[in-house]
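Just below is one structure, and these are the notes that go with it.
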Amino acid sequence: MKIAFVGKGGSGKTTLSSLFIRHLAAAGAPVIAVDADINQHLGAALGLDEEQAAELPGMGARLPLIKDYLRGTNPRIASAETMIKTTPPGEGSRLLRVREDNPVYEACARAVELDGAVVRLMVTGPFTEADLGVACYHSKTGAVELCLNHLVDGPDEYAVVDMTAGSDSFASGMFTRFDMTFLVAEPTRKGVSVYRQYKDYARDFGVALKVVGNKVQGQDDIDFLREQVGDDLLVTVGHSDWVRSMEKGRPPRFDLLEEPNRQALQALKDAADATYEHRDWERYTRQMVHFHLKNAQSWGNEKTGADLASQVDPDFVLREEAVATA
């Protein structure tokens, strides 16, 4: 299952995504955790110290390797240089699986231990001075989108992505790459502003969206969120001594997380798992192609000097039984 956490800056989406990752890992589920936020905090939220977090290999810096591997023997893609962030897979492309080992994971993922369980953590890499005036950070998050386009996952395995803050993910089609999107909102007008933007896009593209109310202090906060987002409000989360300890760099054992918060995390998992029966690989592939053609026309063809529409394999549908090239 592909799951995104979104929300405005400071809403607590990174904290909640890290708790959800820990919850999945504690249940024995295989997890790929991806920090796609330009402010790279997921590693620290998963217990890494500053030095360890700084040593994580950035996906953006390894984009040529990612492209070359995923291209495989696809005859429609002349070279890795002609691949852009929206390039869809076709016959001959290499696909990614959550449980496998492959050169992309070897180069870009690192194992993080969480109370005996292990998850794979991947990060886009931070926005640096070298990027100023040269490229925007969308080139870095594009590595995440390309991997999601080639990821085949089943109902009992998870890719959890901590997305960039606000509505920036709408700059590409990445917001359509998920089975479930959890929007983290504080009980304030600013807190629900991103929800309204996401809701419009979600409705247009069939994106499953649920709101997680964070920093909720009482019934008045719950009533406010319910008034603003209606039935999209799934759960609310209040103060947590466990989280406070985690933010100080001293997380207790995860099984000591407060029971109400544990129940909230399970509600998130149940909601995400319930989307599996509605998964439509054909629609997923059509949306992938839609955004690729849009990007090709607006900037991709000019940048690469190639007709990127020709990369689309009309007979290919990404699905669980899809076979990757050797």
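The values are calculated or read from the model by the stated rules, or taken from the named source; none is laboratory data. Bear in mind the structure is a predicted one, so any value in this text is a computation, not a measurement. Methodologically, a virtual Cβ is constructed for each residue, glycine included, from the backbone with ideal geometry; neighbour enumeration extends over all protein chains shown. For accessibility, only protein heavy atoms count, side chains too; no ligands or nucleic acids. Shrake-Rupley method; radii C 1.70, N 1.55, O 1.52, S 1.80 Å.
Is it the case, given these coordinates, that residue 190 is at negative phi, surrounded by fewer than 18 Cβ atoms within 10 Å (Cβ to Cβ) and either assigned to a helix (DSSP H, G or I) or modelled with pLDDT of 90 or more (or both)? Considered against the rule, which asks whether it is at negative phi, surrounded by fewer than 18 Cβ atoms within 10 Å (Cβ to Cβ) and either assigned to a helix (DSSP H, G or I) or modelled with pLDDT of 90 or more (or both), residue 190 comes out as yes. Within segment 207-218, the residues that satisfy the criterion of being under 14 Å from residue 11 (Cβ atoms) and either assigned to a loop (DSSP other than H, G, I, E, B) or open to solvent by 60 Å² or more (accessible area, probe 1.4 Å) (or both) are 214, 215, 216. Those helices (runs of 4 or more DSSP H) of segment 226-326 in which at least 3 residues are out of contact with any Lys or Arg (no Cβ under 8 Å at 6 or more places or on another chain), open to solvent by 50 Å² or more (accessible area, probe 1.4 Å) and touching a residue at least 12 places away in the same chain (Cβ under 8 Å), considering only elements entirely within it, cover 259-274, 281-295. May I ask you to verify whether residue 221 is without any contact (Cβ under 8 Å) to a residue 40 or more places away in the chain, buried (at least 16 other Cβ atoms within 10 Å of the Cβ) and not basic (Lys, Arg)? So residue 221 passes the test. Residue 119 - would you say it is within 17 Å of the chain's Cα centre (by Cα) and either open to solvent by 10 Å² or more (accessible area, probe 1.4 Å) or over 18 Å from residue 143 (Cβ atoms) (or both)? When the stated conditions are applied, residue 119 passes them.
This table checks each residue for (1) of a type in the set (S, T, N, Q); (2) touching a Lys or Arg at 6+ places or on another chain (Cβ under 9 Å); (3) closer than 19 Å to residue 121 by Cα.
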| residue | (1), (2), (3) |
| --- | --- |
| 7 | no, yes, no |
| 14 | yes, no, yes |
| 36 | no, yes, yes |
| 42 | no, no, yes |
| 53 | no, no, yes |
| 62 | no, no, yes |
| 65 | no, no, yes |
| 77 | no, yes, no |
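Counting only helices (runs of 4 or more DSSP H) that sit wholly inside segment 1-87, those with at least 2 residues that are open to solvent by less than 40 Å² (accessible area, probe 1.4 Å) and touching a helix residue (DSSP H, G or I) at 6+ places or on another chain (Cβ under 9 Å) are 13-26, 42-45, 63-71. Figure legend. Inter-residue proximity from segment 78-106: first residues closer than 20 Å to residue 32 by Cβ and touching a residue at least 12 places away in the same chain (Cβ under 8 Å), second residues part of a helix (DSSP H, G or I) and among the hydroxyl-bearing types (Ser, Thr, Tyr), beta-carbon distance below 6 Å, spacing 6+ or different chains. Indicated pairs: 94/69; 103/69; 104/69.
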